[in-house]
Amino acid sequence: MNIPFLTSIVIFLPLAGAFLTMLARTENAIKWTALGVTLVTFGLSIGLYLGFDPAVSTAVTPQLANISSSWFPGQFDIKYFVGIDGLNILLIMLTTLLGPIVVLSSWTYIGKNLKPYYTLLLILQTGVTGVFASFDMFLFYIFFELTLIPMYFIIGIWGGENRIYAALKFVLYTLVGSLLMLVALIFLGYAAGDAVNAGVFTTDWYTLVSYNMPVEMQGWLFLMFALAFAIKVPLFPFHTWLPDAHVQAPTGGSVILAGVLLKMGTYGLVKFCLPFFPNAASDYAMTFAVLAVIGIIYGALVSRAQTDAKKLVAYSSVSHLGFVVLGIFAFNTEALQGAMIQMVNHGISTGALFLILGMLYERRHTRDMADYGGIATSVPVLTFFMVLSVLASAGLPGLNGFVGEFLILIGSFKSETLASPVLIALATTGVILAAVYLLYMVYRMFWGTLDNEENANMKDLNKRELALLVPLAVLMIVLGMMPGPFLAKSEPAVQHLLEVIETKKAIGEAGVTAATEVVLPAQISE
Amino acid sequence: MEPDLLIKLIILLPLVGAAINGLVGLFLPSHRKKEGLIGAIAIAMVAIPFFITVYLFTGFHGEPIVVDVFSWMKAGDLSIDFAYRIDQLSLLMTLIVTGVGGLIHLYSVGYMHGDDGFWRFFAYLNLFIFMMLNLVLGNNLVVLFLGWEGVGLCSYLLIGFWYKNLKNSAAANKAFIMNRIGDFAFLMAMFIIFKELGALDFDSILAGGPGMDQTLINWAVFLLFIGATGKSAQIPLFTWLPDAMAGPTPVSALIHAATMVTSGLYLLARLSPLVLSAPSIMAVITVVGALTAIVAATIAITQNDIKKVLAYSTVSQLGYMFLATGVGAFYVAIFHVMTHAFFKACLFLGSGSVIHSMHHVEHELEHDGHGHKLDPQDMRTMGGLKKYMPATRMTFLISTLAISGIPLLSGFFSKDEILFKAFEFGFDGNVVGWFVYGIGIITAFLTAIYMTRAYVLTFEGTPRWPHADKIHPHESPWTMTVPLWILAGLAAVGGYLGLPAVLGEVNWIHHWLAGENGPVAEYAVNGHVSHTMEWALIAFGSLVAILGVTLGWKWYSSQGIGFDTKLESRFGGLYKLWKGKYFLDEAYDKAIVRPVIGSAYHAFAPFDKYVVDGLVNAVGFFTRGSSFVLRYMQTGLVHSYAVAIVFGVVLIIYLMLF
């Protein structure tokens, strides 16, 4: 099956769906439209997954690409350029998978202003998919900023009691980073244009990768890019917007936030920071690795001190994404592959945790762990999914979290860039701490006697809720036992990316002259 | 039949059983009451693998069979397969796991009868067998680790099985977290090995491992040993095991005596050639083992809860096994794993049978409204049970004598071999061998005493529960006594698989594990202990055991529990130390748990709130504050702009003119 413009369709179908929901008249029509659109989008994205052939993949040659001619011919080399490569395919699949799940999770949770909610949700999905699929930095930037607006409203309108503060903090914090990135991007576009694009400003990712930036210029630009992404991840100490946003956001918002929005940060580090500024990236690798490891331990300990279950899970994200950042800055295939798969894993298991906490919130209207206790008796099926997700999140072998953490840690341990057994040992203590705070949550909420009337009368999962959790539970097991096919999708691209980085690093160290060039495979034109 | 298919069946069937009973039970509440069906499925899913293993065992030719099922994960140089290995060691372990496991499944049908969580219990039990089989059959460290953490999970689920009591859940958390501390070390060992060798399968490790840099070998073996101390409950990570007795008693027998806790020994035996190339770490292992043996034995003497006695006894016996491992006698450690699986499983199941009937007494008392509270595990309110529970009593007695090392019973052979190996190690010029031999002998004496004490207090003398004249306990049903008899039989004769060499017979277990094709290495002895000396050692060991049993019997049958007060006054502070379990829990709580959790609450969380986030808000506040001033520049009111323009024009003119 060969559908033309499939990549673009997967990106923009939700946006088209957003217009459809605006036209819908009844609440049911709105919900079903949103569900239908996200389901079709997911179905189509399977076409992307099957159509993408990792065997012929390199990091710089996207497949299934859709490219326009330059928007400002001769002046600025900016264009519409989207495609699929080994680095983005899994994240795009994750985004389209979470689409219908988020819609379904909002089914009864969102009681007011349905129309704008689902419209914004669909716009958000287009933004996120676009971020992952863009091969033009300008386009990437547009999508990156586009995700801010719907999320701002989703938190700000349908959020908890302190929603305005959280929403504003989320937007301003991210904006500070991304504006710095914009400045850096403009600088980079001109510099690359002068050097390798006949003097024409360019934001084409391929061209930017082929450009060897002199080492002394890389530092500041790297930091400006990296800061934007570090805030998004969020990397310690830029993480404090996250717990606020998570706690205030409605369930659907939390799931998207943890599931895919944070991955825009880690993805950005891999796709842009590393290949654009390889020398600076390896110079700063230790700094970022140390921050990542601090995040792993610090996030876990702060998580343990929470009384609000949602906040506990939010801080666990700080800890878990620390592993991903560590893997990114280890500069070897094992660790980077671990980071890639861990982005997906975190989306699935943390997504499931937020879904379950949302289901409990719908029943009891509280997130305070002290209000629960012993509910395993009243909601056994929910408890089963909770324990499974907790174990996946704690990295139990056989479930998805282990694969990512194990690859990251074993790769980081042999990393020549980091070369610090003590640092990796500290990171590995995260495995102990994860059990400490996650089992504590289960202990407080699920075990013990059921002495609260309201808890005793809770209903167990209904069919809709089961339909949400079953696919995620299945994925936890499949990704835990057979991650092979998924890893295979990204491995060639990851290996190639590391080779490109290695080559560029060597050129940078030798001193960039006009004659030095990175030999990249030909760029796919259509 | 193809061994490939058979091995897959062995591993897969228990998982299938767990999935059926677990998922059907979870989603179909009507299924939960069908105890017969649930039990039959669960037992079959362990029994079939047992018989397959027997078949493979009898037809085994000495060459290991490796079955590669599918690739687990692959990235860069790392390639991990779901591969399983059949050889002498894994076959023996699989026989123990499925054999003893199957008997305990059968026993549980009676023991768990009527429990709301009957279905859940058997799902967990089957899942445990699946994980344990991954542990002993996996062909690389990562599959072993899957089983390793998997049995830890099942242990967590089963310790906290009666989750309505938060104490049980707390014990479950403690077990899981302490095991994870060990697992942390295990992971680090894997990182080191992979970095050096680029592979984690056993063939590569055993081929390349001993050639690694000595420091790295030491680190790897040390970290693996720390991992083993977690799972196998050794100093410093043993305090979770006594708490784990919160789980149903069959679980204590299966997981916390016969199988899971011996994983650490299996791991070290599996990697024995690598361990042998780290002699300094071996010294650590044997000393830790010996100390654990004596520390736990002294605690066991002071316990009144029958399961706690057995729990500390398990810790102590595991210490013996590590003692053997550290002197390079890996096959003897595995021999003791086996005999211990027989007699300790029998003892735990026997205690379960006792608890079962004491529960009955408790119910009767409540029913009659006597208002007496009875702890069904407290030996102080037992006594004289031999009259009511003849089968339980007889099997318990046989196992008590076996663990005490009474000649010709199984424990005698394996323990004697351990002590002999320690002696031989010392004889060979390793001072540490003498040290651990000495401790081993003292511990053997203590073992005989505390086990005899437990037996006598439970079964001999006169009943001590309230209204003992009217309320009588009953013997347990056949589903429970049949496994008891089988295990007691094995506890009696199982030792003949490892007859000492001095008898001139073939020591089968040595030949099987450490023979020509055997996978287990051993320490090569230079100086041989003479036969006369060996006989003398056997005689001495027997004497110690017989003396212990005789004294224990004399003291506790004549004075009952009252003899404890005598011990207390004799040993004073030392006894307080034993009774207080060396105050390790308190020490860990003060030194580790409270500082970590306390810092989370009182340092990290406030730091995050007031410093990290405080800075962010301060920046926001500053921005808002400055905008508070600056916003007067952009009010949107035309007249204020006009005023500003006028001022501006005036200012410019002023600057231009002057």
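We did not get these values from a lab; they are worked out from the coordinates using the rules stated. Please read all numbers here as calculations on a predicted model, not as lab measurements. All Cβ positions, glycine included, derive from the backbone under ideal geometry; neighbour counts span all protein chains shown.
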Where the centre of each part is set by its Cα atoms, how far does the stretch A:302-347 sit from the stretch B:490-537, in angstrom? 51
Projected onto the charge dipole of chain B (unit charges on the beta-carbon of Lys, Arg, Asp and Glu, signs +1, +1, -1, -1), the Cα from B:VAL151, B:ALA300, B:VAL221 with the largest positive-side position is that of B:ALA300
Counting pairs of alpha carbon atoms under 8 Å apart in space and at least six apart in sequence, what relative contact order in percent does the stretch A:6-510 give? 16
Starting at the first residue of the stretch B:86-97, write each ³J(HN,Hα) from the Karplus equation 6.51 cos²θ - 1.76 cosθ + 1.60 with θ = phi - 60°, in whole Hz, x for Gly and Pro. 9, 8, 4, 5, 5, 4, 4, 5, 5, 4, 5, 5
Just to check I understand the Karplus step: with θ = phi - 60° and J = 6.51 cos²θ - 1.76 cosθ + 1.60, what whole-Hz values come out for the stretch B:412-426, glycine and proline as x? 4, 5, 6, 5, 4, 5, 4, 5, 4, 5, 5, 4, 4, 4, x
Starting from the Cα-Cα distance between A:GLU453 and A:TRP107, subtract it from 0.36 nm times their residue separation and give me the gain in nm to one decimal. 121.9 nm
Taking the Cα centroid of the stretch A:445-464 and of the stretch A:83-108, what is the distance between the two, rounded to the nearest whole Å? 30
Separation between the A:TRP71 and A:ASP283 pseudo-spin-labels, each 7 Å from Cα along Cα→Cβ, expressed in nm? 3.3
Surpassing 21 Å at the alpha-carbon level, of the pairs B:LYS174/B:LYS576; B:LYS307/B:LYS566; B:LYS231/B:LYS344; B:LYS231/B:LYS579; A:LYS232/B:LYS74, are B:LYS174/B:LYS576; B:LYS307/B:LYS566; B:LYS231/B:LYS579; A:LYS232/B:LYS74
Once you sort the root eigenvalues of the Cα gyration tensor of the protein assembly as shown as a ≥ b ≥ c, which label holds: rounded (a/c under 1.5), prolate (a/b larger than b/c) or oblate (the other case)? prolate
Charge dipole magnitude, Cβ of K and R +1, D and E -1 - the stretch B:439-557, Cα centre, debye nearest 20: 520
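What's the exposure ranking of A:LEU321, A:LEU409, going from fewest to most Cβ atoms within 10 Å?
A:LEU409, A:LEU321
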Answer with one residue from A:MET22, A:LEU50, A:PHE229: the one whose Cα lies farthest towards the positive end of the charge dipole of the stretch A:6-510, charges on Cβ with Lys, Arg +1 and Asp, Glu -1. A:MET22
Gap separating the Cα centres of the stretch B:286-332 and the stretch B:170-216, nearest whole Å: 24
Footprinting proxy, B:TRP119, A:TRP447: sorted fewest to most Cβ within 10 Å, the residues are A:TRP447, B:TRP119
Given H placed 1.01 Å from N in the peptide plane, which residues other than close sequence neighbours of B:ASP81 have an amide H under 5 Å from its amide H? B:TRP72
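Would you work out the relative contact order for the stretch B:278-572, in percent, from Cα pairs under 8 angstrom that are 6 or more residues apart?
Details: 476 pairs, mean separation 74.3, N = 295.
In percent, rounded to a whole number, it is 25.
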Go through B:SER414, B:VAL431, B:GLN317 and say which Cα lies farthest out towards the positive end of the charge dipole of the stretch B:278-572; charges sit on Cβ, +1 for Lys and Arg, -1 for Asp and Glu. B:GLN317
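With the Cα gyration tensor of the stretch A:56-103 giving a ≥ b ≥ c as the square roots of its eigenvalues, does the rule (a/c under 1.5 for rounded; else a/b larger than b/c for prolate; else oblate) give rounded, prolate or oblate? All intermediate terms of the calculation are to be shown ahead of the outcome.
Details: a/c = 3.86, a/b = 1.73, b/c = 2.23.
Since a/c reaches 1.5 but b/c is at least a/b, the shape of the stretch A:56-103 is classed as oblate.
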By how many nm would the segment from B:ALA501 to B:ASP378 grow when fully extended, if each residue of separation counts as 0.36 nm and the alpha-carbon distance is taken off? 40.0 nm
Could you work out the relative contact order of chain B? I mean the mean sequence separation of Cα pairs under 8 Å and 6+ apart, divided by the number of residues, in percent. 12
Burial ordering of A:HIS496, B:HIS360, A:HIS365, B:HIS340, fewest other beta-carbon atoms within 10 Å first: A:HIS365, B:HIS360, A:HIS496, B:HIS340
